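All of the numbers you see were taken from the coordinates with simple rules; none came from a lab. Everything quoted here is computed from the prediction, not taken from an experiment.
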Amino acid sequence: MKNRCPQNHPCPSIRVCPVGAIGQIGFDAPTIDQEKCIHCKKCVKYCPMGAIQVKE
C-alpha cells in the first residue's frame, strides 16, 4: 500500500526479510518480489506505517 508508506526513510522491513524478497531504491516505496517471498509476515510486523500486507 504505497499511499501509507511515507517514502522518506530506509524501509526497516528489508532487514528482517529472511529471503531478501524486499528491495528499495533510494527512499521510494519498497517492492516485494513475490517469487522469493515465503509469506512469513516478518515484514508486516516491522513496517511502522502498516503499508506492507501479505495476502495468502
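For the pair His9 and Ile25, the difference between a 0.36 nm per residue extended length and the Cα-Cα distance amounts to 4.7 nm. Straightening the chain between Gln34 and Met49 buys 3.3 nm, computed as 0.36 nm per residue apart minus the Cα-Cα spacing. Look at (i) 0.93; (ii) 0.91; (iii) 0.98: the one that is Rg/Rh (Cα atoms, Kirkwood Rh) derived from this structure is (ii).
In whole percent, what relative contact order does region 2-46 give with Cα contacts below 8 Å and a gap of six or more residues?
Relative contact order comes out at 39 percent.
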